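Each reported figure results from applying straightforward, stated rules to the coordinates on display, with no laboratory input. Just so we're clear, the structure is a prediction, and the values are computed from it rather than from any experiment. Glycine gets a Cβ as well: all are built from the backbone with ideal geometry, and neighbour counts include every protein chain shown.
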Amino acid sequence: MVKKLSSDPVKRRHQIFKRLYSYYYEWGALIEAGETDSFLTTPDGEVVYRGDLLVGFESLPEKQFLAFHLLCLEGMTESQAAELVSKTGRRPMPVQQHAEAGLRRMVKAYDEQQLGGYISPQRQKRRQDLIKRCGGVLKKLDSDNFSSLKTEGVSKLGSRQRFVLEELVVRGGYSRNCGWKFNSHSETVEVLDSLVARDLVVVTVVGDTLIYSLP
């Protein structure tokens with residue numbers, strides 16, 4: 001029997017996402033079969049993109065990672081998951097609590113991704129290191145402040161490069177249709193490539209998508 005959705009909007013959305021995660025692998029199989037696409041509209045009218053559902057998965061704490069995987073992705077019951085955990089020789093743990101905590105973090109990561117780019121705790125640390133090296137680019141700087149920076153490779157940037165680097169630091173990343181751009185996608189990529197050449201930005205390829213982020 002399907003559990004009734006909560007009237008509380010936050011709890012309700014988490015419940016909906018939990019159902020989406022339990023459907024994740026089946027959803028992928030249907031996409032491969034050409035029977036559906038990567039977008040799904042929830043009962044509340046929200047359009048969810050499957051490709052971003054697991055952006056925070058690898059960054060979950062170990063216990064939350066395991067519990068979320070077993071209960072949310074694999075669809076196990078609490079007792080089934082607890083039994084499996086005990087067979088691995090691990091100490092007993094409240095898998096339901098860890099799964100719920102992991103779910104909250106996953107939904108938060110998904111939302112951050114929709115707002116411009118999820119930043120994992122590991123990347124957040126690297127980001128802070130870069131901010132220190134760049135003299136505080138995270139702040140909304142005007143041209144005079146930016147040009148006064150003494151950091152080699154940053155103080156000599158052009159106006160387009162300054163804008164794009166500032167937005168990248170604030171938003172955490174860039175890819176096509178991520179929610180922000182400089183005039184056009186092609187011009188944004190052109191500017192980002194110039195920052196890659198200066199070792200201020202890195203680019204990775206995921207499928208057919210270029211993703212630009214801080215080192």
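Observations, loosely collected:
- Spin-label model, Thr42 to Lys87: label points 7 Å out along the Cα-to-beta-carbon direction sit 3.3 nm apart.
- Relative contact order computed over the range 9-114 (Cα-Cα under 8 Å; 6+ residues apart), in percent: 30
- For the residue pairs Lys3/Lys63; Lys11/Lys63; Lys4/Lys181, the alpha carbons lie more than 32 Å apart in Lys4/Lys181.
- Pair Arg176, Arg198: separation of 7 Å Cα→Cβ label points (nm): 2.6
- Excluding same-chain neighbours fewer than eight residues apart, the aspartates and glutamates reachable from Lys108 by a Cα-Cα span under 20 Å are Asp8, Asp44, Glu46, Asp52, Glu58, Glu62, Glu100.
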